[in-house]
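For reference, the structure is listed below as structure tokens.
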Ligand SMILES: [Zn+2]
């Protein structure tokens, strides 16, 4: 019989987190030996010194040689959808299109309270695995109305002591296909959402997809916001929205402020055209977010064999100097029935899906859910360095290889120097 676990696990939403003076005996990426970190009185990292060099004060957390990383960043999630698989019929074809249809039936009858409760559950799950920063999309349009936005905003407020959350207004059913959606997007931003979302490939024609992107930039300029657009989430080699998004990014001077989410079709382009698009993404400093679990699951659905993997060209983008991050995207919804909010699972799947298998590539895989994702969300004060926020996760393993191989639960999740979970 298994021994009773000694780990105490609490629901952090109901507890007052303990303030720490620092962390002792931490192993850090890319550095040999053990280190002691101290926090200042606002929970930022004050010092990082070789372990045992400085006098240790009481009230620190002993990492006991475990790997300490900056808190994970989930750059692409749908909190309004989380756990909605319980509310809809099964997705029989497994396609994106059937998922959108099933979700459309469900979302019209959801209350803001229902959305809030499921979102809080998902935030707690993500935080328990060490995520400190999330960008969620929220469905906005004439079908969803603003109830889903209300629910997600309320969940963010309820969990503000656990996690930083950026909310992108997401016109799931298109903007030109759903007259009235643009006004709802504007209203959602005025209610407190942060980022202009989009879904360029979900319009009726290529011309409408381009107009969709034009409207995103108009909105972004009106409110001075970043853009994060679902784009080319298809195996269709003729879906060519990403190059237009990158070109408009340069045209509007929005370099570094635009994220292209999914970009699956890039893998189905002719190699010469793919190279052109990758160069354009680099020139425009567009961030690319891949969602390995969901792309593997939803793409390749119209293939017999061999089946395409569905992810964008991650290794080629990274080699070209494009910032690539990886997201969970879905937790138990009509688009993807699995998903736990464990970002190490996401990096683990990326390892397999695009052969990020050498030791330096494993480091790159981990970057996609830490440093690269932080860059896409334009987080300031992120990382393990003096002056950064004390938002870190301690793992019961010594290196990145073992972290990816075993994907352990954290031994501590710390936010601004306060211990949330252990
Ligand atoms: Zn998405």
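Which number in (1) out of contact with any helix residue (DSSP H, G or I) (no Cβ under 8 Å at 6 or more places or on another chain); (2) modelled with pLDDT under 95 marks the one condition that residue 95 misses?
Only one criterion in (1) out of contact with any helix residue (DSSP H, G or I) (no Cβ under 8 Å at 6 or more places or on another chain); (2) modelled with pLDDT under 95 is unmet by residue 95, namely (1).
For region 157-184, enumerate the residues that are more than 16 Å from the ligand (Cβ to nearest atom) and under 22 Å from the mean Cα position of the chain (by Cα).
Once the filter is applied, which keeps residues that are more than 16 Å from the ligand (Cβ to nearest atom) and under 22 Å from the mean Cα position of the chain (by Cα), region 157-184 yields 157, 158, 159, 160, 161, 162, 163, 164.
Restricting to region 222-242, and then to whatever is under 20 Å from residue 186 (Cα atoms) and crowded, with 24+ Cβ neighbours inside 10 Å, can you tell me which residue is nearest to the ligand (Cβ to nearest atom)?
Checked region 222-242; the qualifying residue nearest to the ligand (Cβ to nearest atom) is 230.
If a residue must be in a loop (DSSP other than H, G, I, E, B), away from the ligand (no atom under 16 Å from the Cβ) and touching a residue at least 12 places away in the same chain (Cβ under 8 Å), how many such residues does region 323-358 contain?
Taking region 323-358 first, the residues in a loop (DSSP other than H, G, I, E, B) are 323, 327-328, 330-332, 334-335, 337-342, 354-358.
Filter again for away from the ligand (no atom under 16 Å from the Cβ), leaving 323, 340, 342, 354-358.
After this cut, where a residue has to be touching a residue at least 12 places away in the same chain (Cβ under 8 Å) as well, the list is 323, 340, 342, 354-356.
Residues that pass the stated criteria total 6.
Let me confirm something: among 245, 311, which residue is part of a loop (DSSP other than H, G, I, E, B), in contact with a helix residue (DSSP H, G or I) (Cβ under 6 Å, 6 or more places away or on another chain), closer than 22 Å to residue 373 by Cα and within 16 Å of the ligand (Cβ to nearest atom)?
One residue alone meets the criteria, 311.
Before we move on, is residue 318 outside any loop (DSSP other than H, G, I, E, B) and buried (at least 24 other Cβ atoms within 10 Å of the Cβ)?
no
Listed residues 228, 235, 208; which is in the same structural domain as residue 182 (by TED's automatic domain parsing), touching a residue at least 60 places away in the same chain (Cβ under 8 Å) and not in a loop (DSSP other than H, G, I, E, B)?
Working: 235 fails: not in a loop (DSSP other than H, G, I, E, B); 208 fails: touching a residue at least 60 places away in the same chain (Cβ under 8 Å).
Sole residue among the options that is in the same structural domain as residue 182 (by TED's automatic domain parsing), touching a residue at least 60 places away in the same chain (Cβ under 8 Å) and not in a loop (DSSP other than H, G, I, E, B): 228.
Take residue 212 and decide whether it is within 16 Å of the ligand (Cβ to nearest atom) and under 21 Å from residue 336 (Cα atoms).
no
Mind listing whichever residues of region 359-380 are assigned to a loop (DSSP other than H, G, I, E, B), over 12 Å from the mean Cα position of the chain (by Cα) and at pLDDT 95 or above?
378, 379
Yes/no per residue for (1) within 23 Å of the chain's Cα centre (by Cα); (2) surrounded by fewer than 21 Cβ atoms within 10 Å (Cβ to Cβ); (3) over 24 Å from residue 373 (Cα atoms):
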| residue | (1), (2), (3) |
| --- | --- |
| 49 | no, yes, yes |
| 58 | no, yes, yes |
| 87 | no, yes, yes |
| 97 | yes, yes, yes |
| 119 | yes, no, no |
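For residues that are in contact with a helix residue (DSSP H, G or I) (Cβ under 8 Å, 6 or more places away or on another chain) and in a loop (DSSP other than H, G, I, E, B), scanning just region 55-84, find the one that is farthest from the ligand (Cβ to nearest atom).
Looking at residues that are in contact with a helix residue (DSSP H, G or I) (Cβ under 8 Å, 6 or more places away or on another chain) and in a loop (DSSP other than H, G, I, E, B), I get 83.
For residues in region 286-308 being buried (at least 16 other Cβ atoms within 10 Å of the Cβ) and part of a loop (DSSP other than H, G, I, E, B), which is nearest to the ligand (Cβ to nearest atom)?
291
The values are calculated or read from the model by the stated rules, or taken from the named source; none is laboratory data. Since we're looking at a predicted model, the values are computed, not measured. Using ideal geometry, Cβ is built from the backbone for each residue, glycine included, and neighbour counts are taken over all protein chains shown.
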